[in-house]
């Protein structure tokens, strides 16, 4: 790992200070937006449950909730959970203790762009709303490095193409750090430089219409209908996917592993690995 530059050090300090403050007193108005995000989280957890419980799992940027680690711990796994913010880790550990799960989760304060784990340490690396805070190239290198052969990575992230969402972001700069960068389609190509297989599932375009009705009676029924509309739109008009608010990324076959396999005389990665996009 090359020495950390002064620019990177300053960026880490900004992110750490912002999130220490946020987790100490989280009253962001944007929290109400996440109520329309249930489908992407349900999809993310369902995918995790198909391949995570029997392997070693890292929640990458767990925040103060460590929701993924707790979910997996309840299912019998023993995940690791890391975050740059010491306040986040303290509060996540307190939450795990209150739920009787602290002995099943190994928490650590750690820089996601310079993980303190050996190569090939995890079967699964996962997280929600973390990649867009990071240098994506550095993050993908670390994720690929710590994944075991055959491992997978799964992330829920915001997209940055919807003009209405971007207008809200410009109006509320105090709610985020200057270094955040909701993912663009160009970022998918960058991720593809590190992983042979990238599957993307998009969420929350028409459900954004329910924001004024958040918590209103009957809003959940309307939200369900609009989610079905999204599925049809994304299938029939793929270009609309870029306007979604949320994308779930599933990554497999680190290219570093393919290179090592090739050097060792192997035939390469599994057949059929591709940068496909699907909407389920």
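The values are calculated or read from the model by the stated rules, or taken from the named source; none is laboratory data. As the structure is a prediction and not an experimental result, all values here were calculated from the model. Note that we place each Cβ from the backbone using ideal geometry, even for glycine, and neighbour counts take in every protein chain shown.
Table for the structure above
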item	result
Residue 24 under 28 Å from residue 225 (Cα atoms), modelled with pLDDT under 80 and in contact with a helix residue (DSSP H, G or I) (Cβ under 6 Å, 6 or more places away or on another chain)	no
Matching option when the condition is closer than 29 Å to residue 190 by Cα and in a helix (DSSP H, G or I), among 108, 73, 42	42
Answer from 41, 36 - the residue that is in contact with a helix residue (DSSP H, G or I) (Cβ under 9 Å, 6 or more places away or on another chain), surrounded by 13 or more Cβ atoms within 10 Å (Cβ to Cβ), under 17 Å from residue 248 (Cα atoms) and modelled with pLDDT under 90	36
Within segment 240-269, tally of residues that are out of contact with any strand residue (DSSP E or B) (no Cβ under 7 Å at 6 or more places or on another chain) and at pLDDT below 95	11
Checklist (1) on the phi < 0 side of the Ramachandran plot; (2) touching a residue at least 60 places away in the same chain (Cβ under 8 Å) applied to residue 220, failing item	(2)
Residue among 66, 75 that is over 23 Å from residue 199 (Cα atoms) and buried (at least 24 other Cβ atoms within 10 Å of the Cβ)	66
Failed criterion for residue 133 (all others in (1) loosely packed, with under 15 Cβ neighbours inside 10 Å; (2) in contact (Cβ under 8 Å) with a residue 12 or more places away in the chain hold)	(1)
First in segment 102-115 and under 20 Å from residue 71 (Cβ atoms), second anywhere and surrounded by fewer than 16 Cβ atoms within 10 Å (Cβ to Cβ), Cβ under 7 Å, 6 or more apart	104/78
Unmet requirement for residue 96, which otherwise passes all of (1) touching a helix residue (DSSP H, G or I) at 6+ places or on another chain (Cβ under 8 Å); (2) surrounded by fewer than 17 Cβ atoms within 10 Å (Cβ to Cβ); (3) within 13 Å of residue 59 (Cβ to Cβ)	(2)
Residue within segment 113-120 that is within 30 Å of residue 178 (Cβ to Cβ), in contact with a strand residue (DSSP E or B) (Cβ under 6 Å, 6 or more places away or on another chain) and surrounded by 18 or more Cβ atoms within 10 Å (Cβ to Cβ) present	no
Pairs with Cβ under 6 Å, 6+ apart, first in segment 196-207 and within 13 Å of residue 185 (Cα to Cα), second modelled with pLDDT under 95 and buried (at least 20 other Cβ atoms within 10 Å of the Cβ)	198/191
Identity of the residue in segment 176-207, part of a helix (DSSP H, G or I) and in contact with a strand residue (DSSP E or B) (Cβ under 8 Å, 6 or more places away or on another chain), that ends up farthest from residue 253 (Cα to Cα)	188
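Let's see how each residue does on (1) under 18 Å from the mean Cα position of the chain (by Cα); (2) modelled with pLDDT under 80:
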{"residue": "172", "(1), (2)": "no, no"}
{"residue": "178", "(1), (2)": "no, no"}
{"residue": "198", "(1), (2)": "yes, no"}
{"residue": "206", "(1), (2)": "no, no"}
{"residue": "212", "(1), (2)": "no, yes"}
{"residue": "220", "(1), (2)": "no, yes"}
{"residue": "274", "(1), (2)": "no, yes"}
